[in-house]
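Note sheet for the following structure.
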Amino acid sequence: ISVQFLTWLLLFLALFAGAFDCCTEISDGISKGILRRVEGFEVQKADGLCHLEAVILHIKGKKFCVNPWNRKVKKMMKKMKHKIHRSRSHVRKQRRTRFIKQKEQKQ
């Protein structure tokens, strides 16, 4: 292997280190206290660069890798998706109603 090839390889890995940010270990147990503080989550599939299925929980700038088959984690994900969907649609309805009322008052 040439020195030039190794140099290019190290440069590539240094520049794209974030692209290889996968969970390599997952926790099976998780407390309710941690689940209550979750700000967001993402699902890691076992394809491409990452070879392990996981749910990545985001809590105050930190990431926690947990088992996607854990019942508590599934329940939390479902609740968060429902909460996000519900709050967005509610805000849209309020804005629309407010806009229509303002139009009626002007006429």
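The values are calculated or read from the model by the stated rules, or taken from the named source; none is laboratory data. No experiment lies behind these values; they were computed from the predicted model shown. When we count neighbours, we look across all protein chains shown, and the Cβ atoms used for this are built from the backbone with ideal geometry, even at glycine. Calculation scope for accessible area: heavy atoms of the full protein, side chains included, ligands and nucleic acids excluded. Shrake-Rupley method; radii C 1.70, N 1.55, O 1.52, S 1.80 Å.
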Pair list, Cβ < 9 Å and 6+ apart or interchain, from segment 55-74 residues that are outside any strand (DSSP E or B) to residues that are among the aromatic types (Phe, Trp, Tyr) and crowded, with 18+ Cβ neighbours inside 10 Å:
73/41
Among residues of segment 46-71 being modelled with pLDDT under 90 and out of contact with any helix residue (DSSP H, G or I) (no Cβ under 8 Å at 6 or more places or on another chain), the residue most open to solvent (accessible area, probe 1.4 Å) is 51
When you check residue 38 against the structure, is it assigned to a strand (DSSP E or B), under 19 Å from residue 81 (Cα atoms) and touching a residue at least 12 places away in the same chain (Cβ under 8 Å), yes or no?
no
